[in-house]
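The values are calculated or read from the model by the stated rules, or taken from the named source; none is laboratory data. Keep in mind the model is a prediction, meaning the values are calculated, not measured. We place every Cβ from the backbone using ideal geometry, glycine too, and count neighbours over all the protein chains shown. Heads up: the accessible areas ignore ligands, DNA and RNA and are worked out on the full protein's heavy atoms, side chains in. Shrake-Rupley method; radii C 1.70, N 1.55, O 1.52, S 1.80 Å.
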Amino acid sequence: MRIVVVGGVAGGMSAAARARRLDEHAEIVVLERGAHVSFANCGLPYHVGGEIEDESALLVQTPESLRAALNLDVRTRHEVIGLDTTSKTLTVRTETGTEPLRYDALVLSPGARAVVPPVPGLDSARVRTLRTVEDAVALRRSADLGAARAVVIGAGFIGVETAEALAQRGIEVSLVELAPHPLPPLETEMAQPVADELSRLGIDLRTGVAAERVRSGADHDLVDLTDGTTIAADLIVLSVGVRPDTEIFEQAGIACERGAIVTDEHGRTSAPGVWAVGDAVASTDQVTGAHRPVALAGPANRAGRLVADDILRPGSARPLPRPVGTAIVRVGGLTAALTGANRASLRAAGIAFHTLHLHPKHHAAYFPGAATVHLLLHYREGDGLLLGAQAVGSEGVDKRIDVLATALRAGMGVADLIDLDLAYAPPYGQAKDPVNLAGLIGSNVLDGTLRSWHADDLDGVSDAALVLDVRTRGEYDAGHLPGAMHVPHVELRERLDEVRAAAGGRPVRVLCESGVRSNIAHRVLAQAGFDSASLSGGMLTLRAALGDRVIAEEPVSAADRL
């Protein structure tokens, strides 16, 4: 049996390796159009920045090591330019010409290519992408040869990592993003600490704008932005997204959806004997049901293994799991991570949901070094099914997002988080872990113990309700909402008559710094007959979401936000 895999790296090499472990007698051929069949593409920015010093460390396997260990026939610089699914034949372009290659089973793992928007001047020699080892080496060489100014177009995960890497090399970096904030999948309030950290790193962040044109010059290029400003650059990195690299296969009749290959639950395409995995495949989102490519290494690796199972053990192969899109990125001293759906995708899917914010410490507050974890959860109205989570902070983010990703995969509800038995010792966590706390808050909202209001409700709240600030006098004086009544939560029970008079029959909307004290105040007010609600995430979330709309006698620094 001849199994041909088109494309290496994550999905393709995982399929080839698993196939060999299942069948020692199959002929397994891997075709890779580039020079490297198995490399750490997620490590590329760290080579540019110098943390991974030697480029050879990025090469996970070579054709020689794969032949020795797994008896795989790996052919680099072999590009597939044609496919006939009737005769089960590929047309392959090599350095010496073209040749046919027949297959019994075909695994397509062509990956994705960088999106190049219709911006004049992007053909400049100073414009680069970061998709391959060669790209990383070229970017690093540009830095070593004295590039002083760089523009990174696109502040997604790779764009942010690349901007930080170039800044680490002493380059003056401008980061341009069309969305209102960096890392667009994050909610606005979760992205604000990331924006602050990018500024702390010395990166010039430009949001809400796009590159309009690139003008080449003898000594440097000029990048004109849609807001009328211009940035000089010795180096321009294009990182505005990727699209499936599937034209050859679509032309051959493989069913695609907006360029992404359509597969069934076992990775089978519309053509018999052909499977597909990785960035080029339209996956079905577990939360929203949306069909979209998921350009992440973990799902691609797992899919490759399961496709090999279906080829060689079709009766017992497990179906490919629907992705939840768990991702994480380091930004300076911060970590940002997410799993599941965000507000935009939930609204697009017509799913009614609640959102909660909390800002607990990553381990026991009394133990030295406790850092705040900014945590957000979306869960379904009615039954509390977990829909998505995001976390930002300097410590403890990866642990929490991984627990929540597991809970999402398991189909758990927000109340189920209360009962998770998570590891606790003062240096590592809390007796009530942030994940447990999220469950407690979410459960309170579901059963009506807690009513919440949110930052985007502010205009309506200011017009129709009494805003009650229950922080200390010092916190209130440092920054408060205009017109807010101040009553510290420890004085509230004795001053209910003052609050009732000030409210004059209006609802009362309570806030504190993080949501803990306002929850206590809300319970006091609700049981005294008030129409009360507590601000989700408190002033920490409100500042991150609305910024200058908070009146402050003293500036609120990024450190205060964190």
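Computed values, structure above
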read-out	value
Residues of the range 194-261: accessible area per residue with a 1.4 Å probe, Å²	45 Å²
Restricting the range 79-163 to GluC sites (Glu not before Pro) in coil, as DSSP defines it, with at most 10 other Cβ within 10 Å	E95
Antiparallel %, DSSP beta bridges [both residues in the chain], to 5	55 percent
Rg to Rh quotient for the range 201-332, alpha carbon positions, Kirkwood Rh	1.13
Where the Cα pairs of the chain fall when distances are cut into 10 Å bins, in %	3, 16, 23, 24, 18, 10, 5, 2, 0
Computed lengthening from R495 to R313, 0.36 nm per intervening residue step minus Cα-Cα distance	58.3 nm
Heavy-atom surface of the range 368-433, accessible at 1.4 Å and reported per residue (Å²)	41 Å²
Square roots of 5 times each gyration tensor eigenvalue, C-alpha, the range 150-191, largest first, Å	20, 10, 8
Convex hull volume per residue for the range 303-462, taking Cα atoms only, in Å³	173 Å³
Projected label distance in nm at A218 and E99, using a 7 Å step from Cα toward the beta-carbon	5.0 nm
The chain - percent of accessible surface contributed by carbon and sulfur, probe 1.4 Å	50 percent
Gained length - A528 relative to A349, 0.36 nm times residue gap less alpha-carbon distance	60.5 nm
Residues S124 and S65, FRET efficiency given R0 of 45 Å [Cβ-Cβ distance, rounded to 0.05]	0.75
Separation in nanometres of the label points that stand 7 Å from Cα toward Cβ, at T89 and R258	3.7 nm
Residue-span extension gain [R141 to R75] - 0.36 nm each, minus C-alpha spacing	21.0 nm
Protection-proxy order for peptides 489-499, 348-358, 475-485, 431-441, each taking the mean of Cβ atoms within 10 Å per residue, highest first	431-441, 348-358, 475-485, 489-499
For the chain, calculated [θ]222 nm from helices alone, where every DSSP H run of n ≥ 4 adds -39500 (n - 2.57)	-8500 deg cm²/dmol
